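Heads up: the structure comes next, in structure tokens.
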Amino acid sequence: MHPLKRLIRFYHDNRKAASTAIAAAGGGLYFLLRTFFESDLWRRGFDSPAIWAFIIIGLGGGLALFTYGFAVWREKRMIENIPTSKVRSLAMGLVEVSGQARPKVLLQSPITATQCVYYKFLVEKRVRQGKGERWVVVSQGASTNYFHVDDGTGRILVDPVEADIHLERDYRYSDRASAAGFGAGLGNQALYGQRMRYTEWYVVPGDPVYVMGTITRWKNALEDRQFKVADMLRELKADRERMMRFDRDGDGRIDADEWEAARQHVEQDILRQELDDPRDETDDLVIARDPLQRTMIISDRSEKDLIKGKAVAAWLLLIFGAALTVGSLCLMVSKL
């Protein structure tokens, strides 16, 4: 994977830490430029030895942008060259499918409480920095639950973990944080009164979705049942009224024996569901990110729009990267 793509993925997955690092780097660059322009270095112009720092930064940045442009172009060509497959005729390996999103477990987005199969959210606060202001990440996250893609010929599970997500923004709202908080678990007493911005992306059941990834085996029936039990127990813990049904001695708390009875009850419910609704064999396969192949894309845009977007991004990276590299080389030659 290209180093710039690793940095971009790290930024999307760790916006809080990345934003802090970018702010620190930006502050350092601002200080360097201000020192350069306000000191004798600027009056001496290109004769200053400090200009080599800008040459090195420009050359390294230009080469990074240029090579990343080729990486994006290769990804665009890969999307073009792999034909869209029907679910009923999928083979093991790298595939792309297009269909409608269907839930394996129906989720609720944390900000707008939208029922969906996948979500990402971002909560930011406005802070003053020097003479200006910027948004700082307070909280972020994304769902990790599997969901189905149904193309009319069948359906297949999709694992969104570590996928490159290309979704149109569904919600953004900015306001002062209130005492009631905002969204499930996103309120924070220390943030009340501060200017906040809430952003959310999600895929709801029935949304068109494009997926490229590698077909792999998922789990056996025992692991599947354990996954369901754990999921239902988490829901049970969150519902105190249901939990109290297992409080046999009426002391207002659930001891170890009562919790074991609750677990057995949940497991029996799942077994009854499996008898009533036989397990779908398509759940033995899942589209996921292969550590070797390293390609996994989930998008709510069409393949055509996705290709167009990557083509534009690749050309911009190639042009700006080449211009920055050539400009830095010309400046370096003039200094030799």
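Quick one: how many residues across region 193-226 are more than 14 Å from VAL286 (Cα to Cα) and at pLDDT 80 or above?
16
Among the numbered criteria (1) in a loop (DSSP other than H, G, I, E, B); (2) at pLDDT below 90, which one does VAL137 miss?
Answer for VAL137: the failing condition is (1).
If I filter region 124-150 down to residues being within 22 Å of ARG172 (Cβ to Cβ) and charged (D, E, K, R), which single residue comes out as surrounded by the fewest Cβ atoms within 10 Å (Cβ to Cβ)? Step through it out loud before you land on a result.
So in region 124-150, the residues within 22 Å of ARG172 (Cβ to Cβ) come out as 124-129, 132-143.
Within this subset, residues satisfying the condition of being charged (D, E, K, R) are 124-126, 128, 133-134.
Working: GLU124: 21, LYS125: 18, ARG126: 14, ARG128: 8, GLU133: 11, ARG134: 15.
The selected residue is ARG128.
Considering only region 107-133, state which residues are farther than 17 Å from GLU200 by Cα, part of a loop (DSSP other than H, G, I, E, B) and either within 20 Å of the chain's Cα centre (by Cα) or of a type outside the set (Gly, Ala, Ser) (or both).
First, the residues of region 107-133 that are farther than 17 Å from GLU200 by Cα: 126-133.
Then drop every residue that is not part of a loop (DSSP other than H, G, I, E, B), which leaves 130-131.
Matches in region 107-133: LYS131 only.
When the residues of region 287-330 are filtered to those that are assigned to a loop (DSSP other than H, G, I, E, B), at negative phi and surrounded by fewer than 17 Cβ atoms within 10 Å (Cβ to Cβ), which remaining residue is modelled with the lowest pLDDT?
Within region 287-330, the subset assigned to a loop (DSSP other than H, G, I, E, B) is 289-296, 300-302.
If we keep only those that are at negative phi too, we end up with 289-293, 295-296, 300-302.
Add one more test, that the residue is surrounded by fewer than 17 Cβ atoms within 10 Å (Cβ to Cβ), and what stays is 290-293, 301-302.
Working: ASP290: 76, PRO291: 69, LEU292: 70, GLN293: 65, ARG301: 84, SER302: 80.
Among those residues, the one meeting the criterion is GLN293.
Is one or more of the residues making up region 176-190 under 29 Å from PRO205 (Cβ atoms), at pLDDT 80 or above and among the hydrophobic types (A, V, I, L, M, F, W, C)?
No, the conditions are met nowhere in region 176-190.
The values are calculated or read from the model by the stated rules, or taken from the named source; none is laboratory data. All values derive from a computational prediction rather than experimental measurement. No Cβ is skipped: glycine too gets one built from the backbone with ideal geometry, and neighbour counts run over all protein chains shown.
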